[in-house]
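*Asks:* My structure is below; once you've seen it, I'll send some questions.
The values are calculated or read from the model by the stated rules, or taken from the named source; none is laboratory data. Please read these numbers as outputs of a predicted model, since none were measured by experiment. Cβ coordinates were reconstructed from backbone atoms using ideal geometry, including for glycine residues, and neighbour counts include every protein chain displayed.
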Amino acid sequence: MPVEPPPTRWVFPPTEGADEFGVVGVGADLEPGTLLAAYRRGVFPMPIDEGHVVGWWSPDPRGVLELADLRVTRSLRQACRRYRCTANSDFAKVITLCAELPRDGSWITPSIIAAYTKLHELGWAHSIEVWDDTDELVGGLYGVGIGKLFAGESMFHVARDASKVALVELVDRLRRAEVDLLDVQWCTDHLKTLGVREMARADFLERVHTATAPDAEAQRDAIGREMSR
């Protein structure tokens, strides 16, 4: 069962006031209570200004994956058989390797790593690990689960299709946990090939509200149970 941290002392501006890039505001802190409050409002942190200032983002449109829409090709199914997957067995290494990506991982600063590691220790942040036949970590992803929402943060791979395999494993576990929505923040051309689509911010926020409502959050240990298998 995830541990609810002390509430944040910050108030987030309305998402309707986001700028053209989707930034709702800047500043605040990365305490667990602040992060959870943000996700429950459909907002996520990403540093701006070369990592010195934290920006809080709510892009419009939003990239989402309906779990039933995941596209698994024949070659991806073959890749799934080549690798072994685990969950929450090495969160620290997964987030560190995501941060080491030449371009996409540059926003994962030491402060971000520390914040999400603390969320992981409280039972909110989770990782998927992908191992090859020599027990080398070759791919993975991490994100935050709240109620029936999972917010994906980043993924990496150093072997062919390993990050896609991590996504397949995640979706399998989220289906068993009866999660309603997988947030991937932005819809890239690569993610479109896996079934990700764009959703208007207003529609996304309505889905987030439902997925993190009290009755949904009463089942908030469901993701944790699936990630402990």
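*Asks:* I'd like the residue in segment 35-51 that is without any contact (Cβ under 8 Å) to a residue 40 or more places away in the chain and under 16 Å from the mean Cα position of the chain (by Cα) and, out of all such residues, is surrounded by the fewest Cβ atoms within 10 Å (Cβ to Cβ).
*Replies:* Step by step, filter segment 35-51, then rank; the result is ALA37.
*Asks:* Further, regarding this structure: Within the set of pairs 6+ apart or on separate chains, which have a first residue in segment 3-32 that is more than 21 Å from TRP186 (Cα to Cα), a second that is of a type in the set (Ser, Thr, Tyr) and in a loop (DSSP other than H, G, I, E, B), and C-beta atoms under 7 Å apart?
*Replies:* Matching pairs, first to second residue: GLU31/THR8.
Conditions (1) in contact with a Leu (Cβ under 8 Å, 6 or more places away or on another chain); (2) not assigned by TED's automatic domain parsing to the domain that holds LEU167, marked per residue:
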{"position": "GLY25", "(1), (2)": "no, yes"}
{"position": "GLY33", "(1), (2)": "no, yes"}
{"position": "PRO45", "(1), (2)": "yes, yes"}
{"position": "VAL53", "(1), (2)": "no, yes"}
{"position": "VAL72", "(1), (2)": "no, no"}
{"position": "ALA79", "(1), (2)": "no, no"}
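*Asks:* Read through the list (1) touching a helix residue (DSSP H, G or I) at 6+ places or on another chain (Cβ under 6 Å); (2) closer than 29 Å to VAL53 by Cα; (3) basic (Lys, Arg), then give the number of the only condition that LYS148 fails.
*Replies:* The failed condition is (2).
*Asks:* Has segment 103-115 got at least one residue that is of a type in the set (Gly, Ala, Ser) and over 18 Å from TRP56 (Cα atoms)?
*Replies:* No, the conditions are met nowhere in segment 103-115.
*Asks:* Residues PRO7, PRO2: which one is in a loop (DSSP other than H, G, I, E, B) and surrounded by fewer than 18 Cβ atoms within 10 Å (Cβ to Cβ)? Break it down stepwise before answering.
*Replies:* Numbers: PRO2 fails: surrounded by fewer than 18 Cβ atoms within 10 Å (Cβ to Cβ).
Testing whether each residue is in a loop (DSSP other than H, G, I, E, B) and surrounded by fewer than 18 Cβ atoms within 10 Å (Cβ to Cβ) leaves just PRO7.
*Asks:* Another question about this same structure. Can you list residue pairs whose Cβ atoms sit under 7 Å apart, with the first residue in segment 71-85 being under 12 Å from ASP133 (Cα atoms) and the second being of a type in the set (Asp, Glu) and in a helix (DSSP H, G or I)? Count only pairs 6 or more apart in sequence or on different chains.
*Replies:* CYS85/GLU169
*Asks:* Would you confirm whether or not segment 93-105 contains a residue that is more than 20 Å from LEU65 (Cα to Cα), assigned to a loop (DSSP other than H, G, I, E, B), touching a residue at least 60 places away in the same chain (Cβ under 8 Å) and in contact with a helix residue (DSSP H, G or I) (Cβ under 8 Å, 6 or more places away or on another chain)?
*Replies:* No: zero hits.
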